[in-house]
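Asks: Attaching a single structure in structure tokens format; questions to follow.
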Amino acid sequence: MLTDVKIRAAKPRSKSYKVTDANRLYLLVTPAGGKLWRWSYSFDGKQKGMAFGAWPKVSLAEARLKRDEAVAMLEDMRDPAIAKKLKKEVALEASRQTFERVAREWFDNARPQWASVHAADVIRSLERDVFPTIGNFPIKELTPPLVLSVLREIEARGSIETAKRIRQRISAVFTFGIAQGIVKDDPAEKLGAVLKPLRKGRQPAITDLIPLRKMIVQAEEDYARPVTRLALRLLALTAVRPSELRGAQWAEFDDLNGPEPLWRIPSARMKGDLDRKEEVNGDHIVPLAPQAIAVLRALWPLTGAGSLLFPSNRHAHKPMSENAIGYLLNRAGYHGHHVPHGFRAAFSTIMNEWAEREGKEHDRRVIDLMLAHVPTGKVEGAYNRAAYLPRRRELALIWGAMLSDGLPDPVVLTERPSKKSGPYSRRRPPTPVDADFRFPTRLSQLRQGQPVQDR
């Protein structure tokens, strides 16, 4: 039996030799003075050996423990050498399982259940706020403090709600990893309790008609791209979600020259559209008031040649920035008072108050449909969307006239400065459409990439 004294006393010789311990464990002493732990065993009729490291880095006690673990594997009819190699492979694969790699697998798995707009927002938020910091970390090595540091950076720029949303997404990635056997716990699970509290209440919104009109006038007088001003006006008139407006395509509009113009937003672009996708006609229909048509007429010379109503200033094939309308409101002095999403609250509050004054409380359900609120029953929702369309059109006309009273013609918005100062603060306005202008009768041609002939 080996002892520490015997190990220290073992001197190098001209050739390597063994100093044995129990159960085939031995110390191999090399001519150079190295003392290496080795263990010999037999598996499947073949003589094999394993290396346990070098003394003194691996002590006698540690070497015996490694031997005992290997013996237990033999008794379990497993080859210790193969098991050791597999363990190394598992460890190597674990190092390759970075947070970004697992997160993208989670995203690909979850994406079919989401609306396309929501899916794009999810992956964009991870690519912007998470991957640059911890994306290359092996997911097993991430700790609560590391994840919290990512969230604190988001909070530092004032995006409290975004930080909470991203914590949920990080936690979902870890839950996916646990289910896959990649990680054992979720370091983001309990971090919600230490994040900055979100101010209670809905998003800031002006819900009185006269101040709302005043805000629109002031915002439209500020410097901005004409497309941004027109986007603000159309958002106020239709009360759709800002993401739905940004992704609007000319091919989604029907009967713009007729008596019943409408905007058909595909279900795939709608928030909470999973049930709508399963319906034959699950698109959201937005009846258009004459004031909305006037916005589209002013917009056509600017973007009618492309597919998007509100393209990016830099990339015509991409929607305008999600912050463009919000920045316009902020510059006009309405930061913390009104956000783009607030037009939905304004429409709901003002129209419901109008319905109560007019003794038309039954219009509350119709107003909810106009806001595309998800109904409790899928079949009932599909029926109501069709049944109430005439009344929705009537309410759209009332809202358009009510909101636009005193607002300038949309064409004026295309003639105002796009920059605050400088020699290029005024741009050449587009050629306005003629009084007898008519929209193409088949805007669906745009979706197919076909030239439109009847402009």
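Asks: Add -39500 (n - 2.57) for each DSSP H run of 4 or more in the chain, then divide by its residues: what number comes out at 222 nm, to the nearest 500 deg cm²/dmol?
Replies: -14000 deg cm²/dmol
Asks: Taking the 0 to 90 degree range and rounding to the nearest ten, how far is the long axis of helix 60-75 tilted relative to the main principal axis of the chain, both from C-alpha atoms?
Replies: 80
Asks: Show me the trypsin sites (Lys or Arg not before Pro) within segment 283-339 that DSSP assigns to loop and that have at most 13 other Cβ atoms within 10 Å of their Cβ.
Replies: Working: sites: R297, R314, R331; in loops: R314.
Of the trypsin sites (Lys or Arg not before Pro), the ones in loops of segment 283-339 whose Cβ has at most 13 other Cβ atoms within 10 Å are R314.
Asks: How much of the pair distance distribution for the chain lies past 33 Å, counting alpha-carbon pairs only, in percent?
Replies: 55
Asks: What's the angle, to the nearest 10 degrees (0 to 90), between helix 160-179's Cα axis and the longest principal axis of the chain?
Replies: The two axes meet at around 40 degrees.
Asks: Lys and Arg at +1, Asp and Glu at -1: add these up for the other residues within a Cβ distance under 9 Å of L27 and post the number.
Replies: +3
Asks: Quick check: the angle from helix 226-238's long axis to the longest principal axis of the chain, C-alpha only, nearest 10 degrees?
Replies: Once rounded, one gets 80 degrees.
Asks: Does segment 23-180 come out rounded, prolate or oblate by the C-alpha gyration tensor, with a ≥ b ≥ c the root eigenvalues, rounded set by a/c under 1.5 and, if not, prolate when a/b is larger than b/c and oblate if not?
Replies: Since a/c reaches 1.5 and a/b is larger than b/c, the shape of segment 23-180 is classed as prolate.
Asks: Give the shape of segment 24-100 as rounded, prolate or oblate, defined through the alpha-carbon gyration tensor: a ≥ b ≥ c are the square roots of its eigenvalues, a/c under 1.5 means rounded, and otherwise the shape is prolate if a/b is larger than b/c and oblate if not.
Replies: Verdict is oblate for segment 24-100.
Asks: Spelling out what I want: for every residue of segment 23-39, take phi, set θ = phi - 60°, compute 6.51 cos²θ - 1.76 cosθ + 1.60 (Karplus), and round to whole Hz; glycine and proline get x.
Replies: Per-residue couplings from phi come out as 6, 6, 7, 8, 9, 8, 9, 9, x, 7, x, x, 10, 10, 7, 9, 9 Hz.
Asks: A further question on this structure: Work out from phi, with θ = phi - 60° and the Karplus expression 6.51 cos²θ - 1.76 cosθ + 1.60, the ³J(HN,Hα) of each residue of segment 399-414, listed in order in whole Hz, and give x for Gly and Pro.
Replies: Computed from phi, the couplings for segment 399-414 are 5, x, 5, 5, 6, 7, 4, x, 7, x, 4, x, 4, 4, 5, 7 Hz.
Asks: Take the alpha carbon gyration tensor of segment 261-371, find the square roots of its eigenvalues, order them as a ≥ b ≥ c, and report rounded if a/c is under 1.5; if not, report prolate when a/b exceeds b/c, else oblate.
Replies: Oblate is the answer for segment 261-371, as a/c is 1.5 or above yet b/c matches or exceeds a/b.
Asks: Could you tell me the extents of segment 99-194's C-alpha atoms along the three principal axes, largest first, rounded to whole Å?
Replies: 32, 31, 23
No value in this document is a laboratory result; all are computed from the given coordinates. Since the structure is predicted, the reported quantities are computational estimates derived from the model, not experimental observations. Here Cβ is always computed from backbone atoms with ideal geometry, including for glycine, and neighbour counts include all displayed protein chains.
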